[in-house]
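Asker: Let me give you the structure first, and then I'll get to my questions.
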Amino acid sequence: MNGAAIVPEIVAAFPEQFAAAEALRDFAKANRPEAPPTQDEAGVLILRTYTRSSKTYNASLRLALVGYGAQAGMLNRSLFEDMIVAHWIRRNPDTAPRSPTPLSVKGTSCRFCDLEGAYSLRVEEEEVSNGRFGAHRRVPLRDRLG
């Protein structure tokens, strides 16, 4: 994949989507933090999570541009998990760096463990099949993560 050429037909088929994805990437790059948001272990973890997410996003965009859309989509879960990780650390700066739940934090990396178990959010089969995650599910998660 290294050096794989962008597939012009794919870019031509989805011009608005690629323009938006590239604009988001450019905005994030232009506004990336130079230092952790706080001067403690939690701030460092948030910055490292942001850095990892940036690399994941760039990889996803690159995969999509060279014709690996399904594989690019597989990286979306990692981006979602990193968002949860960063929010949870920000809300729990004293305990997050050493907490096994909902995170496993080892050295420089964070890993989301179990959304359903950690937040008591059970996803019903109907929600999966129709692609909707109801407000009765979103509200508790929003309350926990901010």
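Asker: Can you find even one residue in the range 30-49 that is without any contact (Cβ under 8 Å) to a residue 40 or more places away in the chain, of a type in the set (Ser, Thr, Tyr) and not in a loop (DSSP other than H, G, I, E, B)? Walk me through it before giving the result.
Answerer: Filtering the range 30-49 for residues without any contact (Cβ under 8 Å) to a residue 40 or more places away in the chain gives 30-36, 39, 44, 47.
Pick out the ones that are also of a type in the set (Ser, Thr, Tyr) and you get none.
No; the residues of the range 30-49 include none that is without any contact (Cβ under 8 Å) to a residue 40 or more places away in the chain, of a type in the set (Ser, Thr, Tyr) and not in a loop (DSSP other than H, G, I, E, B).
Asker: Taking into account only those residues within the range 65-83 that are of a type in the set (Gly, Ala, Ser) and assigned to a helix (DSSP H, G or I), which is surrounded by the fewest Cβ atoms within 10 Å (Cβ to Cβ)? Break it down stepwise before answering.
Answerer: Residues of the range 65-83 of a type in the set (Gly, Ala, Ser): 67, 69-70, 72-73, 78.
Imposing the further condition that a residue be assigned to a helix (DSSP H, G or I) reduces the set to 69-70, 72-73, 78.
Working: Gly69: 15, Ala70: 9, Ala72: 19, Gly73: 12, Ser78: 18.
Ranking the candidates gives Ala70 first.
Asker: Could you tell me which of the residues Arg62, Arg142 is under 17 Å from the mean Cα position of the chain (by Cα), assigned to a helix (DSSP H, G or I) and modelled with pLDDT of 90 or more? Steps first, please.
Answerer: On the way: Arg142 fails: modelled with pLDDT of 90 or more.
Testing whether each residue is under 17 Å from the mean Cα position of the chain (by Cα), assigned to a helix (DSSP H, G or I) and modelled with pLDDT of 90 or more leaves just Arg62.
Asker: Just name the residue that is farthest from Arg91 (Cα to Cα) out of those in the range 23-42 that are exposed (fewer than 12 other Cβ atoms within 10 Å of the Cβ) and charged (D, E, K, R).
Answerer: Within the range 23-42, the first condition is being exposed (fewer than 12 other Cβ atoms within 10 Å of the Cβ), and the residues that meet it are 23, 26-27, 29-35, 39.
Among the residues that remain, those that are also charged (D, E, K, R) are: 26, 29, 32, 34.
Details: Asp26: 27, Lys29: 25, Arg32: 21, Glu34: 21 Å.
Here the answer is Asp26.
Asker: Looking at Phe27, Phe18, Phe80, which one is of a type in the set (Phe, Trp, Tyr) and touching a helix residue (DSSP H, G or I) at 6+ places or on another chain (Cβ under 6 Å)? Reasoning before the result, please.
Answerer: Numbers: Phe27 fails: touching a helix residue (DSSP H, G or I) at 6+ places or on another chain (Cβ under 6 Å); Phe80 fails: touching a helix residue (DSSP H, G or I) at 6+ places or on another chain (Cβ under 6 Å).
Exactly one residue qualifies, and that residue is Phe18.
Asker: In the set Ala13, Ala20, which member is closer than 30 Å to Arg91 by Cβ and exposed (fewer than 12 other Cβ atoms within 10 Å of the Cβ)?
Answerer: Just a single option satisfies the conditions, and that option is Ala20.
Residues checked against (1) of a type in the set (Ser, Thr, Tyr); (2) more than 17 Å from His87 (Cβ to Cβ):
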{"site": "Val11", "(1), (2)": "no, yes"}
{"site": "Pro15", "(1), (2)": "no, yes"}
{"site": "Phe18", "(1), (2)": "no, yes"}
{"site": "Glu22", "(1), (2)": "no, yes"}
{"site": "Lys29", "(1), (2)": "no, yes"}
{"site": "Gly43", "(1), (2)": "no, no"}
{"site": "Ser54", "(1), (2)": "yes, no"}
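The values are calculated or read from the model by the stated rules, or taken from the named source; none is laboratory data. Computed from a predicted model, the values in this text were never measured in an experiment. As a convention, Cβ positions derive from the backbone with ideal geometry for all residues, glycine included, and neighbour counts pool all protein chains shown.
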